1. Does at least one position in the range 74-81 carry a residue that is within 22 Å of Glu133 (Cβ to Cβ) and of a type in the set (Lys, Arg)?
2. Cβ-Cβ below 6 Å, separation at least six or inter-chain, first residue in the range 49-76 and free of Cβ contacts under 8 Å to residues at least 12 places away in the same chain, second assigned to a strand (DSSP E or B) and surrounded by 21 or more Cβ atoms within 10 Å (Cβ to Cβ): which pairs?
3. Kindly evaluate Asp11 against the criterion of being under 30 Å from Pro154 (Cβ atoms), touching a residue at least 60 places away in the same chain (Cβ under 8 Å) and open to solvent by less than 60 Å² (accessible area, probe 1.4 Å).
4. For the condition open to solvent by 40 Å² or more (accessible area, probe 1.4 Å) and either aliphatic (A, V, I, L, M) or not in a loop (DSSP other than H, G, I, E, B) (or both), what is the one hit in Trp59, Trp70?
5. Can you pull out every residue in the range 118-144 that is within 22 Å of Trp77 (Cα to Cα) and in a strand (DSSP E or B)?
6. For residues that are more than 16 Å from Arg42 (Cβ to Cβ), among the polar types (S, T, N, Q), under 15 Å from the mean Cα position of the chain (by Cα) and open to solvent by less than 40 Å² (accessible area, probe 1.4 Å), tally how many sit in the range 97-131.
7. Within the range 43-56, restricting attention to residues that are open to solvent by 10 Å² or more (accessible area, probe 1.4 Å) and hydrophobic (A, V, I, L, M, F, W, C), which residue is nearest to Val117 (Cα to Cα)?
8. Look at the range 132-144 and say how many of its residues are surrounded by 14 or more Cβ atoms within 10 Å (Cβ to Cβ) and closer than 14 Å to Trp70 by Cα.
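The values are calculated or read from the model by the stated rules, or taken from the named source; none is laboratory data. The model shown is predicted, which means the values in this text are computed figures rather than measured ones. So basically every Cβ, Gly included, is an ideal-geometry build from the backbone, and we count neighbours across all protein chains shown. Only protein heavy atoms, including side chains, enter the accessible area calculation; ligands, DNA and RNA are left aside. Shrake-Rupley method; radii C 1.70, N 1.55, O 1.52, S 1.80 Å.
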Amino acid sequence: MSDRPADDDADGRGRSSQPGIESWHSFSSGPYYDPERIAMGRLVGVDEHLVQPGAGFDWHAHRGVHIATWVLAGRLWHEDSGGSAQLVSPGALFVQSTGTGIRHREWNASDESLRFVQITILADAEVGTWSAELPATVAGVRVDVVADEVAAGPDRFVLPMADGHVLVLDL
């Protein structure tokens, strides 16, 4: 497992690895820590994950955040301690509000590689899950995916994706 960005990481994101999972982090997250990249306002995580078939993230806890997941390829299986279970396919934005605390797990539910971006936003809300079409607003952050280049700014986070699209988060 690495805890610093790879020297050859051209896009400047930190990278971490664990069995069956490669992750790229825009902010400090999990095994990756960079004291100069902690958050952008309430936005505390923008992580891209590549998960091999059968691999995933085992049970872990969150509280006080909304976790928005956008699947690019494959299918993600999500379960949580609140009893929610859902298969997430490419296209819709899947959101989990963690309230005062919830445990969940996610893994690749397909025979192909699963690629997804997970956005973590500080926010108080009741525990729950929902799906939304893009563009969508989650805890005051507008989430969209566009085909054109857009400029980043003090209230805008921009993440170019490998397929040519751009993830845009307006705070």
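1. Checked against the condition, which is being within 22 Å of Glu133 (Cβ to Cβ) and of a type in the set (Lys, Arg), the range 74-81 yields at least one hit.
2. Pairs that qualify, where the first residue is free of Cβ contacts under 8 Å to residues at least 12 places away in the same chain and the partner is assigned to a strand (DSSP E or B) and surrounded by 21 or more Cβ atoms within 10 Å (Cβ to Cβ): there are none.
3. no
4. Going through Trp59, Trp70 in turn, just one is open to solvent by 40 Å² or more (accessible area, probe 1.4 Å) and either aliphatic (A, V, I, L, M) or not in a loop (DSSP other than H, G, I, E, B) (or both): Trp59.
5. Gln118, Ile119, Thr120, Ile121, Gly128, Thr129, Trp130, Ser131, Ala132, Ala136, Val138, Val143
6. Final tally of qualifying residues: 1.
7. Leu50
8. 7
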